[in-house]
Every structure is written in C-alpha cells, then in structure tokens.
Amino acid sequence: MNAEKNNAMGCAGADSVNALRLGAARKRLAQSTGPEDAIDGLREIVATFLGSEELGLFRVEGSANFRAFWSFGIDLREYDLLRALGEAGLGRVMRGEYHVELAAGEGSATMPKAQAFIPIRRANQTMAILAVLRLLPQKIAFDKSDMELFKLLSDEAATPLFGRSGHSQAESDESGMRA
C-alpha cells in the first residue's frame, strides 16, 4: 500500500513540475518584447527544459523549401534539413506533428543521438521548423513532458517569433540568420 501511495505521490509531483515548466515556457514566450527577444527565449527554453544547445530555426517557403533563419551551436549553411527529416519526417512536420529520431551517435556506436523537429504553427499552417539537434550528454532521449513542451512551442511560438503578420524584422534584413 505504501509503495502505491509513494508512486502516486511521485507522479503527482512530476505532473506539478511539468506544469510549472510549461507555465514558465509559456510566460517567457508571451513576455517577449520582439522577434529577437523571442529567439533568445526559445533558446533559453530549449537549453533549460530540453537540455540542448544545438538548434536551428528554418522558415517554410513553399511545400518543401526552407530558409535557415537562426541557429545556436551549429552552422546552418552546411545543414541539410530535408536530408535530416527524410520524406516521412517532412510530411509529419508539415502536417503539424513533431518528428523525433533516435539515431546512432556520431563516431560512437554506444552513444545514441536524439533529434527533434518541431513545427512552429499558426492557423493550421507550419510557418517554421525548430530543429533540436543534440541533447546534452546526461540526457539521451526525449520523454512525455518534452512532448508536451513540443506542443506548446508548436502552438505558441509563431506570434512572438514572427509577429502577427508572419514576418519578423530580422527577415527584412539580410542578417536574418544568426550563428
């Protein structure tokens, strides 16, 4: 009986922590003062709550055309999003589903590499794709609470990142991509 009670309390505690995490992420996005601050907020959310410091943001331009918009920890000029996603992953992300992969790690057969591709959407349209490309060593996979954070980012990041019109000031400048 005590084991069941402790397990129930542990689950309730995890749910509370996840609710706080989602609330903090939602608040950080909502309080963004503009697209540049929203990008900083997105980086903070991903680094803190997902444990990744290698990510990129790609704007969707047509059904299978993407423009590298911003990156942190990687050089997007040499990154091939279409190859990384594959046809199945691309279809999922364009439909509004996140795509998660667990592949063999680079240079090591024992260290898996988890990646996630999260659609940034507004009005049932994928406007951008957030690529989370590598987790910190202490985290080897995404969990249920991460999936809930993916949904929050997918549903709520578009307006802070791109404004109500769908275009940010950074896109108007040639310097829209930061590395």
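The values are calculated or read from the model by the stated rules, or taken from the named source; none is laboratory data. Predicted, not measured: the structure shown is a model, and the values here were computed from it. All Cβ positions, glycine included, derive from the backbone under ideal geometry; neighbour counts span all protein chains shown.
Descriptive notes on the structure:
- Residue count, the range 50-65 (criterion: farther than 21 Å from K151 by Cβ, surrounded by 13 or more Cβ atoms within 10 Å (Cβ to Cβ) and modelled with pLDDT of 90 or more): 1
- Qualifying residue in the range 103-112 (condition: modelled with pLDDT under 95, assigned to a helix (DSSP H, G or I), farther than 30 Å from G13 by Cβ and of a type outside the set (V, I, T)): no
- Restricting A25, A47, A30 to residues that are surrounded by fewer than 18 Cβ atoms within 10 Å (Cβ to Cβ), closer than 19 Å to L149 by Cβ, among the hydrophobic types (A, V, I, L, M, F, W, C) and touching a residue at least 60 places away in the same chain (Cβ under 8 Å) narrows the list to A30.
- Check on V17, closer than 17 Å to Q115 by Cα and either in a helix (DSSP H, G or I) or among the small types (G, A, S) (or both): no
- Residues in the range 50-87 that are outside any loop (DSSP other than H, G, I, E, B) and among the aromatic types (F, W, Y): F58, F66, F69, W70, F72.
- Number of the condition not met by A38 [criteria: (1) modelled with pLDDT under 95; (2) buried (at least 19 other Cβ atoms within 10 Å of the Cβ)]: (1)
- Given (1) touching a strand residue (DSSP E or B) at 6+ places or on another chain (Cβ under 6 Å); (2) on the phi > 0 side of the Ramachandran plot, index of the condition G62 fails: (1)
- Scanning the range 148-179 for residues that are modelled with pLDDT under 95, more than 17 Å from S32 (Cβ to Cβ) and outside any loop (DSSP other than H, G, I, E, B) yields a single hit, S172.
- Filtered residue count, the range 133-165, keeping only those that are among the hydrophobic types (A, V, I, L, M, F, W, C) and over 11 Å from G51 (Cα atoms): 9
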